[in-house]
Every structure is written in C-alpha cells, then in structure tokens.
Amino acid sequence: MSFGDFMGLVAAMGGLVGIVAILGQAYQRRLEHKERIAELKAAGPPATGRDDTVARLEQRLRVLERIATDKTTGLASQIEDLREDAAAR
C-alpha cells in the first residue's frame, strides 16, 4: 500500500465518519421534535380565556361588518356604542 492509497483511505474514512455524524444528529433532532409534539398533545387544549376573547372579537367583527354594509342613519350611534363598550373593558 502506497502513501497515496493510505491518504485516500483516511480521507474516505473521515468522510464516512462525517456523514454518520450528520445523520445521527438529524435523527436526534427528529426524536426531540417527536417528543415535543407528544408533550404538546399531552398538555391538552389551550386555556378557555382565549376562547372568550375570540368570541368577543368575532361579535365585534360582526357588528363592524353590519355597520360597514348598512347605510342607515343610526350609524353614528352604533359607532359610539362600540367605543363605549371598548372603553368599559
């Protein structure tokens, strides 16, 4: 075996070790990700406080859509009612 053959073998083995290290780290990250997903599923649904906020925002959005499409004279009073509701919270 000549010196050139030996250095080629060392380079090939080094490349193989590098590839195995990269694949091992990718597999470890995949396992960590699966663990995190399992933790999130085990934690259950989010708090109900968020549901109340979403419901309140949906109600306000419905009112704003109705105001934007309705051309009646009560528009100014409805806007003021919304401002008063927002200030009360």
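We did not get these values from a lab; they are worked out from the coordinates using the rules stated. This is a predicted model, so every value here is computed, not measured. All Cβ positions, even for glycine, are placed from backbone atoms using ideal geometry, and neighbour counts span all protein chains on display.
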inquiry  = Explain nothing, just the number: dipole magnitude of segment 1-44 about its Cα centre with +1 on each Lys and Arg Cβ and -1 on each Asp and Glu Cβ, in debye rounded to the nearest 20.
reply    = 280 debye
ask   = Using the alpha carbon gyration tensor of the chain, what are the three equivalent-ellipsoid semi-axes (square root of 5 times each eigenvalue), largest first, in whole Å?
value = 67, 19, 9
request  = Starting from the Kirkwood radius over alpha-carbon pairs of segment 1-44, derive D by Stokes-Einstein at 10 °C in a medium of 1.306 mPa s and give it in µm² s⁻¹.
outcome  = 121 µm²/s
request  = Estimate the FRET efficiency between residue 77 and residue 53 by the formula 1/(1 + (r/R0)^6), using the beta-carbon distance for r and 22 Å for R0, to the nearest 0.05.
outcome  = 0.25
note = Answer check: segment 47-89, Cα atoms, Kirkwood Rh, Rg/Rh ratio of 1.07
ask   = Net charge near residue 35, counting Lys/Arg +1 and Asp/Glu -1 over other residues with Cβ under 15 Å of its Cβ?
value = +3
Total charge dipole magnitude, the chain, about the Cα centre, Cβ charges on Lys, Arg, Asp, Glu only, Debye to nearest 20 = 120 debye
